[in-house]
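Please read the structure below before turning to the comments.
The values are calculated or read from the model by the stated rules, or taken from the named source; none is laboratory data. Fair warning: this is a prediction, and the values are worked out from it, not measured in the lab. As a convention, Cβ positions derive from the backbone with ideal geometry for all residues, glycine included, and neighbour counts pool all protein chains shown.
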Amino acid sequence: MLEDTLVIAEKTKAFDKVKELNQERTVRVKQLKAAGKKIIGYLCLHPVLEMLTAFDLVPFRVLGDMGERVTRADTCMPPMVCPFLRSCLDLALKDKYAFLDGVVMAHICDVGERMAHIWRTYKEYNYFYFMDVPHTVHPPALDAFKEEIKGFQSSLESFVGEKLRVEKLEEAIELHNEQRKLIRELYDLRKPAPPLITGSEVLQVIIALASIPVDEGNELLRRLITEVHERRPRLPEKKARLMIWGSVVDNVSLIEMMEGVGASVVMDDLCLGTRAYWESVEMTPDPLDGLAYRYLVGIRCPRTLRETALYRNKKDYAADLEHRFGYLRSYIREWNVKGVILQSVKYCDTHGYEVPAVKDYLQKLGVPSIYLEHDYSYGSLAPLRTRVQAFLEILK
C-alpha cells in the first residue's frame, strides 16, 4: 500500500561504494595488498585497531556468510556451537581469507577462544596474536588488560620490524575517534520521524567500514552524511520505531525483513553497530591507559561482567539492572523507540543468558520486547517474519 511505502531517493555515489563493498568486501583490501600493504584480519570488538593502524597495517573484520553452507568447519567444531563462529572458521578453511597477512583473535567467549586456536592450527599466517581479554571491569582486570595490549604492541613491533612511536599511536587514536564521531552523526539521522536513513542502510555502511582502512572510511562517511541530508523528502512515517539488540548481525536480510513488514529500525545495540563505535578513546598521557579503558570498560558487550558493587552478600537487582543496561534508556528516549527486538544466534550462551535481565529492564521502562533466536541462515527468516509481524500487531 502507498501509505506503507517509504520513499527512498536514488543511491548516490557514496552509497554505490557501500553497495560494492557489501557485495564483495575484499575488493579494496586486495588492491591494497597488491600495492604492498599488509592486511590483518580481526574477530569481534576487542582487538585494538588503533595499534594496527599505527603500524600502517590495514584492519579487516572477519565475518561469516549466511548463504554459505558450513562443511569444512564440521571436521573440527561440533554443530551445536555458535553458527556465526562456525561460518567464520569454515570460510577460512575454504581459503576465503587467504589474502590475509595475519589474524588477531580475542577471548570473546569459550567457543570463540577454541575457534581461534583451531584456526591457528589449521591455517598458517605470517602473524597471529590471541588477546586474552578479562571478563570483568575491576581495576586489576584493567591493569591486566593494559599489560595484554603491551604484549600485542611488542608482537607487532617484531612483525613489522620497527618500534612504535607514541605520536603514531596518538594519530591513529584520533583517526578512529573521528570515525566514531561520524558514525554517531550517521545514527542521528535516524532520530527524525521518518528517519533520513534506514536501519538496513546503516548496517551496510558499517559492514563497508569494516572492510577498508579507517582514513578511507572517514572520507566515505563524510560524503555519505552529506548525501543523506540532500535526499528528497519522504512520505509521513506510519511505522513502529524499533531497536534491535543482541548477537552479531552481519547480513542486512534480517533488518530488511523487519523493515519490509512495517517496522522502522531506528537504533541498535549490536557489535556491528553502536557497540563498535559509541565510545571514543580518551587521550591520556599514556595512550595505553585510554585504549585499555575503552576496549574493556567502554564496549558494552554481555561477554563482560559488570556488577553494581563488589563483595556484597545482598544484591540490589534493580540497581544492578540500571548499572548494566542504563545506556539503553538514552537510546530509547533519544531515538523514540517503541519496541525492542532481542535476537541471538542459536547456542550463543553469552547473549542468551542476558535476555531475561534485559527483558526485565525494558519492562521496567515500559517498553515491549520480543526474543528471537535463529540459526544464522536465510531459511530462518520466514518464521522470524511471522513473529515480528505479530509483535508489530501488539505494538499497535
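Pairing residues of segment 175-204 that are farther than 18 Å from F15 by Cα with residues that are of a type in the set (K, R) and modelled with pLDDT under 95, at Cβ distances under 6 Å and at least 6 apart in sequence or on separate chains, gives P194/R234. Answer yes or no: is there a residue in segment 117-128 that is touching a residue at least 40 places away in the same chain (Cβ under 8 Å), in contact with a helix residue (DSSP H, G or I) (Cβ under 9 Å, 6 or more places away or on another chain), among the aromatic types (F, W, Y) and not in a loop (DSSP other than H, G, I, E, B). Yes; the residues of segment 117-128 include at least one that is touching a residue at least 40 places away in the same chain (Cβ under 8 Å), in contact with a helix residue (DSSP H, G or I) (Cβ under 9 Å, 6 or more places away or on another chain), among the aromatic types (F, W, Y) and not in a loop (DSSP other than H, G, I, E, B). Whenever a residue of segment 377-396 is more than 16 Å from V340 (Cβ to Cβ), its partners that are of a type outside the set (A, V, I, L, M, F, W, C) and not in a helix (DSSP H, G or I), lying with C-beta atoms within less than 7 angstrom and at least six residues away or across chains, give the pairs Y378/G67; S380/H374.
As a summary of the residue check, V297 satisfies the conditions (1) part of a loop (DSSP other than H, G, I, E, B); (2) touching a Lys or Arg at 6+ places or on another chain (Cβ under 9 Å) except for the one numbered (1). Taking residues in segment 69-88 that are closer than 15 Å to C44 by Cα and at pLDDT 95 or above, and partners anywhere that are surrounded by fewer than 21 Cβ atoms within 10 Å (Cβ to Cβ) and of a type in the set (S, T, N, Q), the pairs with Cβ atoms closer than 8 Å and at least 6 places apart or on different chains are P83/S377. Applying the criterion of at least 1 residues that are over 24 Å from L45 (Cα atoms) and over 17 Å from the mean Cα position of the chain (by Cα) to the helices (runs of 4 or more DSSP H) found wholly in segment 199-288 leaves 214-229, 253-260.
Yes or no: V252 more than 15 Å from L189 (Cβ to Cβ) and in contact with a Ser or Thr (Cβ under 6 Å, 6 or more places away or on another chain)?
yes
Going through (1) modelled with pLDDT of 95 or more; (2) touching a Lys or Arg at 6+ places or on another chain (Cβ under 9 Å) one by one, P195 falls short only on (1).
Yes/no per residue for (1) out of contact with any helix residue (DSSP H, G or I) (no Cβ under 8 Å at 6 or more places or on another chain); (2) surrounded by fewer than 23 Cβ atoms within 10 Å (Cβ to Cβ):
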residue	(1), (2)
E162	yes, yes
L169	no, yes
L175	no, yes
R184	no, yes
P192	yes, yes
P195	yes, no
D215	no, yes
R232	yes, yes
S253	no, yes
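Taken over segment 1-35, the criterion of being modelled with pLDDT of 90 or more, surrounded by 14 or more Cβ atoms within 10 Å (Cβ to Cβ) and closer than 26 Å to A263 by Cβ is satisfied by A14, F15, V18, L21, N22. In this structure, does S211 turn out to be hydroxyl-bearing (S, T, Y) and out of contact with any Ser or Thr (no Cβ under 8 Å at 6 or more places or on another chain)? For S211, the condition - hydroxyl-bearing (S, T, Y) and out of contact with any Ser or Thr (no Cβ under 8 Å at 6 or more places or on another chain) - is not met. Scanning segment 133-154 for residues that are of a type in the set (D, E) and exposed (fewer than 15 other Cβ atoms within 10 Å of the Cβ) yields D143, E147.
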